[in-house]
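*Asks:* The following block contains the structure, expressed as C-alpha cells.
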Number of protein chains: 4
Amino acid sequence: MKNKLLWRTTAAGGAPDSDVAEFTVGNDYLCDSRLVQYDCRASIAHAKLLLKMGIITKKEHAKLVSALKKIILLHKQGKFAVKRGDEDVHTKIENFLVKGLGKTGRKIHTFRSRNDQVLVALRLYCRANLIEAKASIAGLSSALSSLAKKTKGVKMPGYTHMQRAMPSSVQLWAGSFMESLSQDLLAIDFALRVNDENPLGSAAGYGLPFRIDKGVTTKELGFSRHFKNPLYVQNTRAKTELVSVFALLQAMMTLNKLASDLMLFTTKEFGFFSLPESMCTGSSIMPQKKNYDVLEIMRGNLGTVSGNFASILTNSANLPSGYNRDAQLNKAKLMESFDVTLSSLKMASKVVKNLKVNKENLESAASAELYAAEEAMKMAMKGTPFREAYMKVSGKFR
Amino acid sequence: MKNKLLWRTTAAGGAPDSDVAEFTVGNDYLCDSRLVQYDCRASIAHAKLLLKMGIITKKEHAKLVSALKKIILLHKQGKFAVKRGDEDVHTKIENFLVKGLGKTGRKIHTFRSRNDQVLVALRLYCRANLIEAKASIAGLSSALSSLAKKTKGVKMPGYTHMQRAMPSSVQLWAGSFMESLSQDLLAIDFALRVNDENPLGSAAGYGLPFRIDKGVTTKELGFSRHFKNPLYVQNTRAKTELVSVFALLQAMMTLNKLASDLMLFTTKEFGFFSLPESMCTGSSIMPQKKNYDVLEIMRGNLGTVSGNFASILTNSANLPSGYNRDAQLNKAKLMESFDVTLSSLKMASKVVKNLKVNKENLESAASAELYAAEEAMKMAMKGTPFREAYMKVSGKFR
Amino acid sequence: MKNKLLWRTTAAGGAPDSDVAEFTVGNDYLCDSRLVQYDCRASIAHAKLLLKMGIITKKEHAKLVSALKKIILLHKQGKFAVKRGDEDVHTKIENFLVKGLGKTGRKIHTFRSRNDQVLVALRLYCRANLIEAKASIAGLSSALSSLAKKTKGVKMPGYTHMQRAMPSSVQLWAGSFMESLSQDLLAIDFALRVNDENPLGSAAGYGLPFRIDKGVTTKELGFSRHFKNPLYVQNTRAKTELVSVFALLQAMMTLNKLASDLMLFTTKEFGFFSLPESMCTGSSIMPQKKNYDVLEIMRGNLGTVSGNFASILTNSANLPSGYNRDAQLNKAKLMESFDVTLSSLKMASKVVKNLKVNKENLESAASAELYAAEEAMKMAMKGTPFREAYMKVSGKFR
Amino acid sequence: MKNKLLWRTTAAGGAPDSDVAEFTVGNDYLCDSRLVQYDCRASIAHAKLLLKMGIITKKEHAKLVSALKKIILLHKQGKFAVKRGDEDVHTKIENFLVKGLGKTGRKIHTFRSRNDQVLVALRLYCRANLIEAKASIAGLSSALSSLAKKTKGVKMPGYTHMQRAMPSSVQLWAGSFMESLSQDLLAIDFALRVNDENPLGSAAGYGLPFRIDKGVTTKELGFSRHFKNPLYVQNTRAKTELVSVFALLQAMMTLNKLASDLMLFTTKEFGFFSLPESMCTGSSIMPQKKNYDVLEIMRGNLGTVSGNFASILTNSANLPSGYNRDAQLNKAKLMESFDVTLSSLKMASKVVKNLKVNKENLESAASAELYAAEEAMKMAMKGTPFREAYMKVSGKFR
C-alpha cells in the first residue's frame, strides 16, 4: 500500500485519467489552501472522538494532534500550499499524516467522510470571516459617526428621483449608512446562527452505522448545537452558503449606495465632497484628470457578489438530494464574495475618514425650493387643509 | 379645485401626457389593488396622529375612520379595484375621501408622503404574508412528519453523486425536508424582524419639519419599533424587500429539492413513489402517459423567485440615495414571489399527503453494496486502520 | 365521449384534482390568450398537411380553416379569451373545433402534439414581436438622428469616471445611441434567424412514426427551413427563448444607458436637458417637484428583462432532455420581456423627440480643462515625446 | 522624470496610497498577464500609425516593434508576468519600452488612451478564444457523430416529463446535441462579428483632436471595420462582453443538458451508459463507489458562466455613458467564462468518445407503452378521428 493515495481520483479502481483529474479539481485547490487551518482544527476534534471511542490510543492521539498542529504552523509559514496534484486539502493532510505516522495516520478517517470535512471546514471558515465582517462594519460605522459629528449642522439638499427635494444634512446622510449597517449586522448574525451547527458525524449524508458522541466535536469546535438530520446537512451546501453570501450582499448594497452617492457628489457639477489626491487616480492620456476609481471598484463589487449568488443558486437548482460535486464550484464563489466584501468594508472606512466636505457647495445647493413642503405644512398647522395649502404653494413654482 | 387629482401625473403642472402616465403606471395598479386594506389601515393609524396633533377634530377623525373602513369593506366585496387611470392605490383612496368628505379628506395627507404610504403598506403586506408562509411551512412539516411515521422502517438507498451510496430510509429522507423547513423558518423570522419597523414619519426620506409622536402609529399598527433614520427608510426599498424574497427563496430551495427528488423517484426506472392519477396529467398525443406536472411547476417556481431576486437587485444597483421610481417595479416581483412560494408550499403538503410509497421497489433498491462502508468501519472497530479496511473492502468491487 | 376534454388534466385517467389544475395552469392562461392567432395560423397550416395526407377531405379542410379564421376574428373582438378552466389555448381551440365540427374537429390533432403547437406558436409570436422591435428601434434611431441634426455644433463635456474628460458634443452623444441600436439590430436579426425554423412534425420530441411532408407547413407559415432533429426542437425551449430575451436585453442596455445619462443630465446640478412639464411628474408632498419618472421606469425595465433572463436560465438548468413542464413558466417571462422592451423603445422615441436642450449650460460646462489632452498632443505633434508633454501639462493642474 | 510611472495611481499628482492601489488593482493583474501578446500586437499596429503620421522615425519604429516582439517572446517563456505593483499590463509594457528605448518609448502612447488599449486587447483576446471555441465545438460534434454511427439502430426510450414517452434511439439522442452545437456556432459567429471592429482611435471615448488614418491599425490587426462613434466604443464594454459570454452560455447549456442526461442515464437504475473506471472517481469512505464527478463539474460550470453573465450585467446597470472603472471587474468574469467553457467542451469530447453503451439495458427500457401514440395514429390513418383513437388506446393503460 502506497503512502500517497488520491481517494477521489484513484479509489474508483482505475489508473487515474489526468485530464479528468485536472478538469474536476480545476482551481479548487487554491480555495483549499485557505482551509488548511480549519481542516486541521476539525481533525484535532475528530481525533478526540476517536480516542474516546477506543479507535486510537492516547499515544496515537497525541501524535495526531501534534502533527496536525505542525501542519497549521507550516501553513502559516507558507510551506503547506495545496497543489493541483494533491487532489484537495483533505487528501493532502491525510497523506501527510500517513507519511509521518504510518498506521496511526491511516486511522484518522475512521467514522468520517470527506463531505464531513468539507462541511465543517467551510462552516469554520464562514464563522471566522463573518466575525471579521462584523468588526469591519463596526469600524465603518464608527468612521461614519465621526463624520456626522464633524459635520454637525452642515446643510445638504435631500434628493428624490435625483432631484432636489427637502432639506437634509451631512449628518442625516451619514446616519443613513450607519442605520443600513445595523441591518447588515442582523443579516450576519442570522448567517452566524445558521452556520453554528456541527456537521461532523453526518458522514456521506446518511450518518454512521455506529453511535458516536457528537457532543465531543461540537464542544471542541465551539459549535452551539449539532446537526439533527444527516441528509439535510449535505443538502445545506448551496442553501446555507447562500445565507452567508446574502449577508455579504446586504453589506455590499450598503457600500454600493455609499459609493454611488459619492461618485455623484464628487462630480464637478455637485462638488459636495472630495478625496485627497493620493486616493485618486489619473488618466493615461488626460493630464488634468483626477478620478475616483476607489469608489468605482467598491460600487462594482456588488456585481461580483450578486453574480456569485446567482452562480451558487443556479448550479444547485433542480438537483436531487445528497452530495453532488457541482457544489465544489460554490467554494470559489463563496470565498471571492467574502474577499471583496471584507476589503470593500475596510476601504470604505478609509474613504469616509478621508472625505473632504465642501461646506460652501453643500449649503449653497440647499436652495429655497427645498422648503416648499414645509411652507405647505405650516399652512396646514394653521388650519388650511393640506391639499389646498399644497396647491397654493405649488402655484409659485409653475 | 377639482375633486379628483392625480398627484404624480398632474402635480408637476402640465396637462398630463397619457402615454407617459400609461408607461409609468404599467401594471403596477394590479399590485396596488392588493394593498388597499394595508393602505387603509395605515391611514386609520395616521388619522389618529392627526387628531392628536390637532390637525383634525374628533368628528373629522370619526368620519375618516369610517370612510376608510368602508373602503376595506368595498374592496373585500370586489368593488374597489384600482384601475390604471387611478394613478395608484394611494391617490384613489385620497380621492375617495376628498369626494366623500370634502375639506376633511383634503387633510388626510398632512405630515406624510406617498413614500411613507407605500413603505408602510408593503411592510404590512409582507408581515401578513410571511406569517402565512410560516403557517404553510408548519402544515408541510406536519405532512412530512406523518409520512415519516407511516413509513417507519422502510429502507431506501441513500445517494451521493446520484449513485447508490449508503443505507437510508424514507423516514430519514422525509426528515431532511423537515429540518430544511426549520431553517427556512429562521429566514422568515429574520425577514419579519427586519420588516417590523414603522416607516411613518419618514415623509419623502428627510423627515418632517415638525416633531410628531411616532409612537402613535407604531402602536396602532402593531410594529415593535419605529425607524431611526428617515433616509435609510427610503433606502430600504430594494434592500429590505430582498430580505423577504431571500426567505422565500430558501423555502423554494427546499421545495425545489423535494420536487427534484420526487421527479427522479417517480420515474419508471426508480419507481419508489407515485401520486394518484387524479394528481397526474396526461399527454395530448401519447395515450399511455401519466406525468407529474405538479412537481415540475413546483420545481420551476424556484427560477421565478430567483429571477425576481435578480431583478430587484439589478434595478437598484448603482443608484444614489433617496427614492428612485425604479423601485416601483419591485412590487410586482415581490408579490409574484410570495404568490408562487405560498401556493407551492400548500401544494407540497397535498403532494406529501397523497404520496404512495412503493415499499417493494424501495427495499429491493437498498442493495448490498450500500453496506460496504459499514463493513470497513466494523473492521476499523476491531483494530484494522480504516484505510487498510477500506482498501480490502474496495477490492471486492473492482 | 364528451365534447369538452382537458387533455392535460383528465387524460391521465383520474377525475381531475382542481387544486392541481389551478396550480399547474397558474397564470399561464393569460399568456395563452396572446397566442390565439398564432395557434390558429399554425393549425390552418397543419390542416393543409392533413388534407394532403388524406386524413381529412377537402370539405373537412374548408370547415376547419373557416372555423379557425373565425376564432382569430372572435379573438380580435375580445370574445375568445382563454380562461383558467380551459386548460390552455390549444385545448380551448380544439374543443371549439370539436364542438362546432364534431368528428372533423376530432381529426385536427392527428400527427401533432401540444409541444408542436406551443413551439410553433411561440416562434411565430417571437418573430412578430422581434420585427416590431426592429421598427421601434428604427423609430428611435430616427429621433436621435433628428436630435443630432438639431443640435449640430452644440458642445458638451465628455465624461469618464463621471468626471469631465474631453470635449464632446450633443451630436456625438446622440450618435453613440444610434450606434448602440445598430448593434442591437444585429442581436435581433440573430434571434430572428434562430427562430426561423419550423418545429411542426417534431411531435413530442421524438418525431412521428410516419413520414410527413414538413415542407407544407414550413412554406405555409413562412419559415425558411424546418427542424432537423426532433429532440433538439424540444430542447430549444429555454435555450432559444433566451436568444430572444438576450436581444431584448441588449436593447434595454441601450435604453438603460440613455435613461441613466438623462437622469444625470436633467439634475439641477447638471441642467443639460429637460422634458416638458406634461411628461414630468409631481410629488404628493413637495409642491415644487418636477420628476423624471418616465426615465426611471425606462431605466428600471432593464432589471425586469435581466431578471427574466435569469429566471428562464435557472429553471432549465440541470434538467434532462425532452419536454419538462417547468418550461411553461418561461412563457410569462418571455412575454413580459417583450412588453417592457417594446414599450420602452417607443417611450424613448417620445422622450428624445421632446428633449429640451439647454445650450447655455452645456457649453459653459465644456470648460477649459477638457482641452488638456489636446494640448499635450499638440506638443507631441511638434516633437516632444508624449509622456514628457503629458507631464508638463499635468503640472498645471496640481 | 522617472523611468517607471504608474499612470493610474500617481498621475493624479499625489503620492500614491498603497491601500487604494491594492484595492483598485485587485486580482486584475492576473487577467492582464493573459493580455500581454494582444497588447503588444496592438502596440505594433499603433506604432505603424505613428510612423505614418511622422511622430516616430523609421528607426524608432523598428526599435519599438523589436522591443514589443521581445516582450511577446519573454511572455511565452514565462518571464513577463504582470505583478500587482505594475498597475496593469499596459503600464508595464510602456515602462519596459521607456526603460529600454528612452525617449522613443515615451512616444508610444501618442494618440491613444489606455481605454483604447484595453478594448483592442480584449477584442483580440475574445476573437482568438471564440475561434478556439468553434474548433472545440467541431471536435465534440465529430465525437457525437461517431457515437451516432457506432450505435446505429440501438433503441432507447424517449422521455418527456422524465417519463417514458415515445421510441427514440441513441442516434437521435446524440444528434440532438449535434444540432444544439450548430446553433451554438451561430451564437459564436454573432459574437465574432460584434467583436470584429477596431476600437483604436476612440481614445478616452471622445476621439482625437487630430485626424488619424484608422485604416492602418484596422488592416494591421485584421479587423474588417473600424468603429463609427468613439463614445459607443466605450459603452460596449459590458454590452459587447455580454455578447461573448452569451455565446458561451449557449454552449454551456448544450453541455449542461448532455451532462444532466448522462448523470441520469449512468445511474444504477437507468444503466444506459457508463464511463471507464479511469474517468470515474471514488469515495473517501464508501469502498464500492464509482462516481461521475467529471459530469457534475461539467454540469455545474453552467452556473459559473451564468453567474458571470449576471455579474457583468449588474455592475454596468444604471451607469452613465463613458468609461467607468467598474468595467475592470468584467475582465475576470469574461476570462473565467471562456476558461470553463473551453475546458468543458474539450472534456465533453473525451466523455463522448469513451462512453460505453449498454445496449441491453437501453433496448429493454424501450418498452411497449412507447408505441401507444403510434397505435392511435395508425387508427387515424385508417379513418378513425384521432381523438377517438386516442381514447381507445388510452383505455388500455388505465
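*Asks:* Calculate how steeply helix D:328-354 sits against the longest principal axis of the alpha-carbon atoms of chain D, using the helix alpha-carbon long axis, and give the answer as 0 to 90 degrees to the nearest 10.
*Replies:* The angle comes out near 40 degrees.
*Asks:* Could you please state, rounded to a whole Å, how far the C-alpha centre of region A:153-209 is from the C-alpha centre of region A:335-358?
*Replies:* With region A:153-209 and region A:335-358 each reduced to a Cα centre, they are spaced 15 Å.
*Asks:* Please figure out what share of the DSSP beta bridges in the protein assembly as shown is antiparallel and state it in percent, rounded to the nearest 5.
*Replies:* Bridges in the protein assembly as shown are about 90 percent antiparallel.
*Asks:* Once D and C are treated as a pair rather than alone, how much accessible area drops out, both sides summed, in Å² to 100, probe 1.4 Å?
*Replies:* In total, this chain pair buries about 8200 Å².
*Asks:* Determine the dipole magnitude for chain D: charges of +1 sit on the beta-carbon of Lys and Arg, -1 on that of Asp and Glu, nothing else is charged, the reference point is the Cα centre, and the result goes in debye to the nearest 20.
*Replies:* Using only the charged Cβ atoms, the result is roughly 1360 debye.
*Asks:* Picking from C:T236, C:T104, C:T314, which is most flexible by a Gaussian network model of chain C using Cα springs under 10 Å?
*Replies:* C:T314
*Asks:* Further question on the same structure: Dipole of chain D (Lys/Arg Cβ +1, Asp/Glu Cβ -1, origin at the Cα centre): which of D:N256, D:H109, D:S284 lies farthest to the positive side?
*Replies:* Value computed over the given set: D:H109.
*Asks:* Just A:K353, A:K268, A:K214 to compare: in a GNM of chain A, with alpha carbon springs under 10 Å, which one fluctuates most?
*Replies:* Looking only at A:K353, A:K268, A:K214, the largest GNM fluctuation is found for A:K268.
*Asks:* Next question. Evaluate the charge dipole of the protein assembly as shown about its Cα centre and quote only its size in Debye, nearest 20, assuming +1 on the Cβ of each Lys and Arg and -1 on the Cβ of each Asp and Glu. Write down the numbers at each step before the final one.
*Replies:* On the way: 232 positive and 140 negative charges, 1 e Å.
About 0 debye.
*Asks:* To test your reading of the geometry: what angle, between 0 and 90 degrees and rounded to tens, separates the Cα axis of helix C:170-195 from the longest principal axis of chain C?
*Replies:* For C:170-195 against chain C, the angle is about 20 degrees.
*Asks:* What average number of partner chain Cβ atoms lie no more than 10 Å from the Cβ of the residues making up A:196-203?
*Replies:* Working: counts 0, 1, 0, 0, 0, 0, 0, 7.
So the per-residue partner count for this stretch is 1.
*Asks:* While we're looking at this one, here's another question. Can you tell me, using C-alpha contacts under 8 Å and at least 6 residues apart, the relative contact order of chain D as a whole percent? Show your work: numbers first, answer last.
*Replies:* Working: 521 pairs, mean separation 68.1, N = 398.
Here the relative contact order equals 17 percent.
*Asks:* Is there a simple number for the mean count of other chain Cβ atoms within 10 Å of the Cβ of residues in A:71-82, and what is it?
*Replies:* Mean inter-chain Cβ contacts per residue within 10 Å come to 0.
*Asks:* Assume the label is 7 Å from Cα along Cα to beta carbon: what separations in nm does B:S18 have to the matching positions in the other copies?
*Replies:* Label point to label point, same position, other copies: 4.0, 6.8, 7.5 nm.
*Asks:* Another question, then. Using +1 on the beta carbon of Lys and Arg, -1 on that of Asp and Glu, and nothing else charged, what's the dipole of region A:343-382 about the Cα centre, debye to 20?
*Replies:* 420 debye
*Asks:* Still on this structure, I have one more. Return the long-range amide H neighbours of A:G158 (sequence gap of 5 or more, or a different chain), with a cut-off of under 5 Å between placed amide H atoms.
*Replies:* Close amide H contacts, sequence-distant or interchain: A:A165, A:M166, A:S168.
*Asks:* Excluding C:R193 itself, calculate the net charge of residues whose Cβ lies under 12 Å from the Cβ of C:R193, where each Lys or Arg counts +1 and each Asp or Glu counts -1.
*Replies:* Summing Lys and Arg as +1 and Asp and Glu as -1 gives -1.
*Asks:* Turning to a different aspect of this structure: Which of C:A380, C:A42, C:A133 moves the most in a Gaussian network model of chain C with Cα springs under 10 Å?
*Replies:* Most flexible of the set in this elastic network: C:A380.
*Asks:* Quick check on region A:289-398: take the gyration tensor over C-alpha atoms, sort the square-rooted eigenvalues as a ≥ b ≥ c, and tell me if it's rounded (a/c under 1.5), prolate or oblate.
*Replies:* oblate
*Asks:* Per residue of B:50-59, count partner chain C-beta atoms within 10 Å of its C-beta, then hand back the mean as an integer.
*Replies:* Per residue, the average neighbour count from other chains is 1.
*Asks:* Specify the angular offset, from 0 to 90 degrees and rounded to the nearest 10, of the alpha carbon long axis of helix C:36-52 from the longest principal axis of the alpha carbons in chain C.
*Replies:* Approximately 50 degrees, to the nearest ten.
*Asks:* Starting from a label point 7 Å past Cα on the Cβ side, list the distances from D:R211 to the same position in the other copies, nm, shortest first.
*Replies:* 6.5, 7.3, 9.3
*Asks:* In addition: Along Cα→Cβ at 7 Å, what distances in nm separate the D:T57 label point from those on the other copies, shortest first?
*Replies:* Nearest first, the other copies' label points are 8.6, 9.8, 9.9 nm away.
*Asks:* If we count every other residue with Cβ under 10 angstrom of A:A165's Cβ, Lys/Arg +1 and Asp/Glu -1, where does the sum land? Kindly include the intermediate steps, with their values, before the conclusion.
*Replies:* Values: positive: A:R164, C:K289; negative: A:E369.
Surrounding charge for A:A165 is +1.
*Asks:* Also, quick follow-up: Within region A:76-118, list the trypsin sites (Lys or Arg not before Pro) lying in a DSSP loop whose Cβ has at most 16 other Cβ atoms in a 10 Å radius. Mind showing how you got there, number by number?
*Replies:* Values: sites: A:K76, A:K79, A:K83, A:R84, A:K92, A:K99, A:K103, A:R106, A:K107, A:R112, A:R114; in loops: A:K79, A:K83, A:R112.
Answer in residue order: A:K79, A:K83.
*Asks:* A further question on this structure: Which residue, C:S364, C:T267, C:L50, has the largest displacement toward the positive end of the dipole of chain C when charges sit on each Cβ (Lys, Arg +1; Asp, Glu -1)?
*Replies:* So the residue furthest toward the plus end is C:L50.
*Asks:* Still on this structure: With Cβ to Cβ distances under 12 Å as the rule, what net charge do the other residues near C:D116 carry (K, R +1; D, E -1)?
*Replies:* On the way: positive: C:R112, C:R114, C:R123, C:K214; negative: C:D39.
Charge balance in the 12 Å sphere: +3.
*Asks:* Separate question: Return the whole-Å distance between the Cα centroid of region C:42-90 and the Cα centroid of region D:42-121.
*Replies:* 68 Å
The values are calculated or read from the model by the stated rules, or taken from the named source; none is laboratory data. In this text, all values refer to a predicted model and were calculated from it rather than measured experimentally. Note: ideal-geometry Cβ built from the backbone for every residue, glycine included; neighbour counts use all protein chains shown. What goes into the accessible areas is simple: the full protein's heavy atoms, side chains included, and nothing from ligands, DNA or RNA. Shrake-Rupley method; radii C 1.70, N 1.55, O 1.52, S 1.80 Å.
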